[in-house]
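What follows is a short report on a single structure.
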Amino acid sequence: MIRQFALIALAALLPTTVLAQADATTELRDGHHYTSIAPPDRMAPMPGKIEVVEVFGYGCIHCANFQPLVNEWKTSLGGDVNFIYMPMANGGAWEAFGRAYYTAEAMGLLEKTHDAMFKAIHIDKRQFKSVADIAAFYADFGADAKTFESTMNSFAVNAKITRAKQFAPRWQVQATPTLVINGKYRLLATPESGLPGLITTANILIERERQAMNASAAK
């Protein structure tokens, strides 16, 4: 059985001006704005790409509040950025919803269901007490419930869940949402800047990585 999450209504959207390009010269402090990961460990290395991973959970109200900002932010990221969602999968409901994410990805349903799942949990207050309840949600978007449920335990989904379980502790992820930039920097929102500040910090570190990558290519 999947434990129920405490459901809280989504907060109003924060001003979108925070998504403007950040000044790469802004001073960041390791241990405050981000924490360095040693040794660096990228999840899915791609030549010429800067990897940005959001570690999230559907039951996390902060992730739900972050998602509208992420949707806009992703449109501003350059073609040299590979953005990846990684569900936190540390057992119980976290793992069940993580399996649902990867199953929806495999079935081509994420575009229709990713935001919708946040809405179902945190606004509509839909109850998910079992895997069958999760599969029924995706059936509303065209999936066959039985096929969806069986795919949640498929070899491909098991492999992705195993990978998520490996990377979360490697990166020392302890809360969601967490951003990991190029396997080098772990970012959490700070009390003074909140979720918008998380994106600002990410933009600065992405630019730092871009400059380093360009400098290396020029040698």
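The values are calculated or read from the model by the stated rules, or taken from the named source; none is laboratory data. Given the structure is predicted, the values throughout are model-derived calculations rather than measurements. Cβ sites come from the backbone with ideal geometry, for glycine too, and all protein chains shown count toward neighbours.
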* To do: Answer yes or no: is there a residue in region 169-181 that is in a helix (DSSP H, G or I), hydrophobic (A, V, I, L, M, F, W, C) and at pLDDT 95 or above.
  => no
Taking region 15-43 and keeping residues aliphatic (A, V, I, L, M), at pLDDT 95 or above and touching an Asp or Glu at 6+ places or on another chain (Cβ under 9 Å) leaves Met43
Checked against (1) part of a helix (DSSP H, G or I); (2) in contact with a Phe, Trp or Tyr (Cβ under 6 Å, 6 or more places away or on another chain); (3) over 21 Å from Tyr185 (Cβ atoms), Gly98 satisfies every condition except (2)
Apart from one, (1) closer than 15 Å to Tyr85 by Cα; (2) part of a helix (DSSP H, G or I); (3) among the aliphatic types (A, V, I, L, M) all hold for Ala120; the odd one out is (1)
The condition of being among the small types (Gly, Ala, Ser), surrounded by fewer than 18 Cβ atoms within 10 Å (Cβ to Cβ) and either at pLDDT 95 or above or part of a strand (DSSP E or B) (or both) holds, among Gly59, Gly78, Gly108, only for Gly108
Note: among Ile84, Ile8, just one is among the hydrophobic types (A, V, I, L, M, F, W, C) and at pLDDT 95 or above, namely Ile84
The residue from Ala64, Ala116 that alone is at pLDDT 95 or above, more than 18 Å from Glu207 (Cβ to Cβ), of a type in the set (Gly, Ala, Ser) and within 14 Å of the chain's Cα centre (by Cα) is Ala64
